[in-house]
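Novice: Questions regarding the structure given below will be posed in turn.
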Amino acid sequence: MIEATALLAGIIVDTKSFSLRTGSRTFDAASYLRAKGADPVLVQKFLKETVDHYIKRAKLIQHTELYQNQVAIASLPSDRSEYYDQITIAQTADSLLSMSEVEASFAVARRDDDTVCISARSLGDINVQIIMEALDGGGHLTNAATQIYGITIEEAVGKLKAAIDEYFSKEGFKDESHLSKRRKRQRKKKSEVKNVADGYAHNFLIKQGLAVEATPTNLSALEGQKNKEKKKCHPRA
């Protein structure tokens with residue numbers, strides 16, 4: 001069934017092959033579509049790219065630097081008069097995110113209308129939306145972008161690095177990795193029970209090991225842990 005196949009392809013693209021923004025309901029939806037006739041082989045054919053397109057994306061990836069020890073920035077020098085479409089720039093940012101030690105990625109390239117475009121991706125610990133908003137762009141936590149007119153690639157990268165530095169400074173991540181400090185803060189809050197959006201809980205907090213679902217079993221275990229900590233703090237005379 002072509003409709004089911006198209007929907008399955010959309011899920012695979014949006015979740016980066018079920019690696020990001022994926023919860024149990026994502027797999028339920030994929031299973032339902034497969035039962036309705038979605039063809040995984042046809043999905044792969046839909047998602048194939050040409051050799052020329054692959055080489056063009058590889059050229060941009062070739063000019064990648066690791067900034068702040070965890071941020072990948074790919075950009076071609078201005079003297080390389082090559083133009084990129086928005087899809088290729090976004091796909092480049094996606095590819096960079098799969099590399100080791102990379103928590104966030106940015107692909108910077110010029111379109112044929114002389115606009116410098118920046119596509120941003122994140123695994124979730126670095127909020128690329130905030131960084132892109134500093135450059136008059138937008139998006140959300142793990143997927144954002146901006147477009148800048150009348151500027152060189154080097155100037156755009158400079159502005160991007162300044163925005164990253166400002167974000168890291170405000171978050172207080174100067175001497176150690178963003179991920180390490182974030183997890184330290186989360187450990188301090190391990191006994192808290194909070195209501196958060198279902199998607200944020202399952203697709204980020206639980207997946208990153210920063211929270212557990214508030215099931216009766218988990219709540220009972222948490223209460224038992226709290227009681228143990230109270231006894232340690234107030235031993236019997």
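Novice: Exactly one condition in (1) at negative phi; (2) in contact with a helix residue (DSSP H, G or I) (Cβ under 9 Å, 6 or more places away or on another chain); (3) not acidic (D, E) is not met by R21; state its number.
Specialist: Every listed condition holds for R21 apart from (1).
Novice: A follow-up question, please. Could you grab me the full set of residues in the stretch 71-91 that are within 17 Å of A162 (Cβ to Cβ) and either over 22 Å from the mean Cα position of the chain (by Cα) or of a type outside the set (A, V, I, L, M) (or both)?
Specialist: Answer for the stretch 71-91, where residues must be within 17 Å of A162 (Cβ to Cβ) and either over 22 Å from the mean Cα position of the chain (by Cα) or of a type outside the set (A, V, I, L, M) (or both): just S75.
Novice: Looking at K56, K36 in this structure, which one is under 17 Å from S119 (Cβ atoms) and either out of contact with any helix residue (DSSP H, G or I) (no Cβ under 9 Å at 6 or more places or on another chain) or among the basic types (K, R) (or both)?
Specialist: Working: K36 fails: under 17 Å from S119 (Cβ atoms).
Just one listed residue meets the conditions, K56.
Values quoted throughout were computed directly from the atomic coordinates according to the rules given, and no laboratory measurement underlies them. As the structure is a computational prediction, the values presented were derived from the model and not from experiment. A quick note on method: Cβ atoms are made from the backbone with ideal geometry, for glycine too, and the neighbour counts reach across all protein chains shown.
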